[in-house]
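Take a look at the structure below.
The values are calculated or read from the model by the stated rules, or taken from the named source; none is laboratory data. Note that this is a predicted model, so its numbers are computed, not measured. Cβ placement follows ideal geometry from the backbone for every residue including glycine, while neighbour counts extend to all protein chains displayed.
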Amino acid sequence: MSSRCPELTRRIAIVALLAGGSATIATACGPARAAPTTRELRVCSDPNNLPFSNERREGFENKIAELVARDLNARLSYVWWAQRRGFVRNTLNQNQCDLLIGVPSSFERTRTTVPYYRSTYVFVTRRDRHLKIASFDDPQLRRLRIGVQLIGDDATNTPPAHALSKRNIISNVRGYSVYGDYRQPNPPARLIDAVARGDIDVGVAWGPLAGYFAQREPVRLDITRVSPQIDVPFLPFVFDISMGVRRGNDSLRDELNAVISRRRSEIDRILSDYGVPRLDIGRAGPTT
Amino acid sequence: MARDNAFCRSSFKVTLAVFLTLPALAAGCSREKPADEVAQTPGKPTVTPMAGRSNGGAIAAAEAEDGQWTRPAKNYASTRFSGLNQITADNVRNLRLAWTFETGILRGQEAAPLVVNNTMYVVTPFPNYLYALDLTKPGAPMKWVYKPGPIAAAQGVACCDVVNRGASYADGKIVYNTLDNHTVAVDAASGQEVWKTKVGEINLGESLTMAPLIVKNKVIIGNSGGEFGIRGWVTALDLGSGKILWRAYHTGPDSAVRIGPRFKPFYAEDRRPDLGVKTWPGETWKIGGAGAWGWISYDPQLNLIYYGSANPGPWNPDQRPGDNKWSATIFARDPDNGDAVWAYQMSPHDLHDYDGVNENILLDIPINGQTRKVLIHPDRNGYLYTIDRTNGEVLSADPYGYVNTSTGVDLKTGRIKYADEKYPKMGEVVRNSCPAAPGAKDWQPSAFSPMTGLIYIPHQNLCMDVESVEANYIAGTPFVGMNVKMFPGPGGNRGQFDAWDPVAHKLVWSVKENFPVWSGALATAGNVAFYGTMEGWFKAVDAGTGQELWKFKTGSGIIGQPVTYRGPDGKQYVAVMSGVGGWSGAIVAGGIDPRDSSAALGFVATMTDLPAATNKGGTLYVFSLP
């Protein structure tokens, strides 16, 4: 095995501890099961952020990683690291891994593949409230209790936080830290929980998060794509998502582009299984 | 105050702040002092100021010089001035390397080494090792190393590199903070852990990077993590047991901020109840940032600690209309119970990431014929504040760098006057805002010499463009990030080392440096001031004129705090850590791609030439005369 195994094991153990300690610790170390010539696909991933990924490999990015590894006839290994500021710097760019399964297609810190899905921010409401909100200009938003996620980093915030403050909708907006309490499972999901519990009337969340957890709350939730799709002067709510590799690793990027092309229907099925709201479904090729 | 003979030895009872205004004690001590030591006699400089200059009359509340370095800023007044005068402006050119020590940790080295009882203590960045070096033996061999074992994930949540700003000593213990929110006390003799207390929660984005101050057997600390939606606080722990004694938050209701009957801020608008709630929309105060990751000073006569809180969160100001009390605020508190006595907010509703955590130097200076007890605070917002430390009145606020994000401070109301055209707006480009987000000066602490009456200010000269263009991604959540790009301010130099006269309110001299001066300053009774550059030069300048007298090229950029001490051989030594990093040096320490111009919140854009000038490091350098 490679010499970075002890380090890897240590990190995994720590992350598992953070995530509650009871989880099965997935490790790339230990006896090699495959022949030494087998290619290794090293993926950096958040151990505690469904529906994207977790250390039990239950997220759609875990499933897509398995699909890619299978296609490339590679053995899949993970380095777990909370996907926060410094994630790319400490993982991909430290050569801890070669691949991030999901990044925005225009993410400058990595070389990105062709997009494999396009999603949107959505309004999340309880069905029994019959609110039917589809636009940031809906007058109901001036009186309802609204939840948004706050980043508090890079001098900016999530698009809905900006769209609301720009419309002077502030005092009835509650901010939920996107980082949350990392001791709890999938911290960003607290926003969706708050809608289901009735702590807030409307949540505005990134589609994949909302689509997945809306299916798992004890009450029926509606999710509706926001409009406009791009607020003026330039505030997009729609993002293309790609895989990311280290800058300069064009050969892997090219391979991955080919995998995405070959496996498009399987990728679509995985995304569908996880309830990811899509704006690009049915398109034949890249949506850029 | 205990008048204890032990004080006159280089004793352990350094927490006893003894003022030389007590003549009997000063006299009692002086006979045991080496002849080369200069007592800091208030108002009576024992070295003649430079010809053509006169000491303006500023003095610091001096403590007896014991030749050691037991607190982060040397003394409670935070002057970083040593009365040792063996190394002088005349002989410093002969300074030579005495010995070195390699920590093996190649991240930003911001800590001041401590020197206590002929032992030097060095705290490293994460994983926060504490080394003890035996100064009585040739080459200062390691006595022990203490490894607190902070959890590795702490690196993922720590803002701005994984630095540590140092330790404090008292009662036989070295006390410092670990990145993962533990305060630890280590037996100074044996290296055994005495206590270790968890004071914060890394899973909520909190971390600890600051150096504690020990006051009356209480360890005072504050948290970091404003970028991650924390709620800021200061906390006191019992020095003997590590038990948490009190905590005061910087947002929330008065009870949580420890605002009560004794709270008498100078400005009327600050006297209304529960401003820590009412100056925020909804419940945003709960994630309002405003940690306390900088410096703490202490006035034993007034029995007050002084420190500043950090900027409010979220950074985007539109989401938090209001003054956002008590972010970017200097607090005066009673260390016995944490009660606030006064507060003054430098940057209400902060627009530009101007934390208020910079150092507060406690001086007594003549103003209009009267001696006033003041604190001097060079803030990130570009103003050097002189504040009456008994009541929080702003006596003056002078720009000490280039400022265009505001047009001054109204001394009647205490309010800063923001420039409307520099208000950051989502989706719009706001160009040439000065100072940039790290401010006219960041954490790097100034020094004050009672001999020259000057404050030595290491700082930066940076402006920034802010625009929103780049896609970013946190915890599976995409958004368009503000693209902050920093560049040199007027003159083209990114850093400078200035001497400022706090009585005359004027710059006396300025040494321009290519890179931001991210190291602390040191002033000595030998009329020498020391600082380091990010290229790795360690420099000595004439404290009166700023003339460069000596320099030595260390192995890595210097962002640490130089200290000086008297060795067991009676010689004066000067020590500094070399190892670039921190926010400004993240491009080297963090291995950031120089093409990623908005990395490190835009600081990388103006530091792309740093990797060609220096490399990572983690080495202690110690100098002496031959």
Go through (1) facing chain B (nearest Cβ under 10 Å); (2) touching a Gly at 6+ places or on another chain (Cβ under 8 Å) and name the single condition A:P185 misses.
(1)
Of A:G147, A:G175, A:G180, which residue is small (G, A, S), surrounded by 18 or more Cβ atoms within 10 Å (Cβ to Cβ) and at the interface with another protein chain (Cβ under 7 Å from one of its Cβ atoms)?
A:G175
Just give me the residues in the stretch B:312-330 being closer than 16 Å to A:V173 by Cβ, within 7 Å of chain A (Cβ to nearest Cβ) and in contact (Cβ under 8 Å) with a residue 40 or more places away in the chain, in sequence order.
B:G313, B:P314, B:N316, B:D318, B:P321
Filtering the stretch A:129-143 down to residues that are basic (K, R) and part of a loop (DSSP other than H, G, I, E, B), which residue is farthest from the other protein chains (Cβ to nearest Cβ)?
A:K132
Filter result for B:V517 (within 14 Å of chain A (Cβ to nearest Cβ), surrounded by 23 or more Cβ atoms within 10 Å (Cβ to Cβ) and touching a strand residue (DSSP E or B) at 6+ places or on another chain (Cβ under 6 Å)):
no
From B:K425, B:K417, residue being within 15 Å of B:S347 (Cβ to Cβ), surrounded by fewer than 23 Cβ atoms within 10 Å (Cβ to Cβ) and out of contact with any helix residue (DSSP H, G or I) (no Cβ under 6 Å at 6 or more places or on another chain):
B:K417
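Every residue, every condition in (1) surrounded by fewer than 24 Cβ atoms within 10 Å (Cβ to Cβ); (2) charged (D, E, K, R); (3) under 21 Å from B:P438 (Cβ atoms); (4) at pLDDT 95 or above, yes or no:
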residue: B:L204; (1), (2), (3), (4): yes, no, no, no
residue: B:L213; (1), (2), (3), (4): no, no, no, yes
residue: B:G225; (1), (2), (3), (4): no, no, yes, no
residue: B:I230; (1), (2), (3), (4): no, no, yes, no
residue: B:T235; (1), (2), (3), (4): yes, no, no, yes
residue: B:D238; (1), (2), (3), (4): yes, yes, no, yes
residue: B:G242; (1), (2), (3), (4): yes, no, no, yes
Which condition does B:G282 not pass, out of (1) buried (at least 24 other Cβ atoms within 10 Å of the Cβ); (2) at the interface with another protein chain (Cβ under 10 Å from one of its Cβ atoms), if it passes all the others?
(1)
So for the stretch B:317-326 (the condition being buried (at least 24 other Cβ atoms within 10 Å of the Cβ) and assigned to a strand (DSSP E or B)), does at least one residue qualify?
no
Residue under question is B:Y531, and the condition is that it be farther than 26 Å from B:M464 by Cα, within 22 Å of the chain's Cα centre (by Cα) and at pLDDT 95 or above; does it hold?
no
So, A:V103, is that one in a helix (DSSP H, G or I), within 11 Å of another protein chain (Cβ to nearest Cβ) and crowded, with 24+ Cβ neighbours inside 10 Å or not?
no
Do you know which residues across the stretch B:415-439 are assigned to a loop (DSSP other than H, G, I, E, B) and either under 14 Å from the mean Cα position of the chain (by Cα) or within 14 Å of chain A (Cβ to nearest Cβ) (or both)?
B:Y423, B:P424, B:K425, B:M426, B:G427, B:E428, B:V429, B:A436, B:A437, B:P438, B:G439
A:S242 being more than 20 Å from the chain's Cα centre (by Cα), of a type in the set (G, A, S) and at pLDDT 95 or above
no
At least 3 residues that are over 19 Å from B:P127 (Cβ atoms) in each: list the strands (runs of 3 or more DSSP E) lying fully within the stretch B:188-265 that qualify.
B:213-215, B:218-222, B:233-238, B:244-249
I need the full set of residues from the stretch A:66-90 which are within 14 Å of chain B (Cβ to nearest Cβ), part of a loop (DSSP other than H, G, I, E, B) and not charged (D, E, K, R), in order please.
A:W81, A:A82, A:Q83, A:G86
Given (1) more than 27 Å from the chain's Cα centre (by Cα); (2) more than 14 Å from chain A (Cβ to nearest Cβ), B:N483 misses just (2)
With the condition being of a type in the set (D, E, K, R) and touching a residue at least 60 places away in the same chain (Cβ under 8 Å), I'd like the helices (runs of 4 or more DSSP H) fully within the stretch A:144-259 carrying at least 3 qualifying residues.
none
Residue satisfying all of: in the stretch B:443-475; touching a Ser or Thr at 6+ places or on another chain (Cβ under 7 Å) and within 14 Å of another protein chain (Cβ to nearest Cβ); surrounded by the fewest Cβ atoms within 10 Å (Cβ to Cβ) among these
B:A471
Tell me whether the stretch A:262-273 contains one or more residues that are assigned to a loop (DSSP other than H, G, I, E, B) and either closer than 27 Å to A:D137 by Cβ or more than 12 Å from every other protein chain (Cβ to nearest Cβ) (or both).
yes
Given the options A:R126, A:R118, name the one that is touching a Lys or Arg at 6+ places or on another chain (Cβ under 9 Å) and away from every other protein chain (no Cβ under 14 Å).
A:R126
For the stretch B:498-521, the count of residues that are closer than 11 Å to B:P458 by Cβ and without any contact (Cβ under 8 Å) to a residue 24 or more places away in the chain equals 1
Any residue that is at positive phi and at pLDDT 95 or above - is there at least one of those in the stretch B:304-321?
no
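The rows are residues; the columns are (1) closer than 15 Å to B:H349 by Cα; (2) out of contact with any strand residue (DSSP E or B) (no Cβ under 7 Å at 6 or more places or on another chain).
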{"position": "B:L237", "(1), (2)": "no, no"}
{"position": "B:G242", "(1), (2)": "no, no"}
{"position": "B:R247", "(1), (2)": "no, no"}
{"position": "B:A268", "(1), (2)": "no, yes"}
{"position": "B:R272", "(1), (2)": "no, yes"}
{"position": "B:V277", "(1), (2)": "yes, yes"}
{"position": "B:W293", "(1), (2)": "no, no"}
{"position": "B:Y298", "(1), (2)": "no, no"}
{"position": "B:P312", "(1), (2)": "yes, no"}
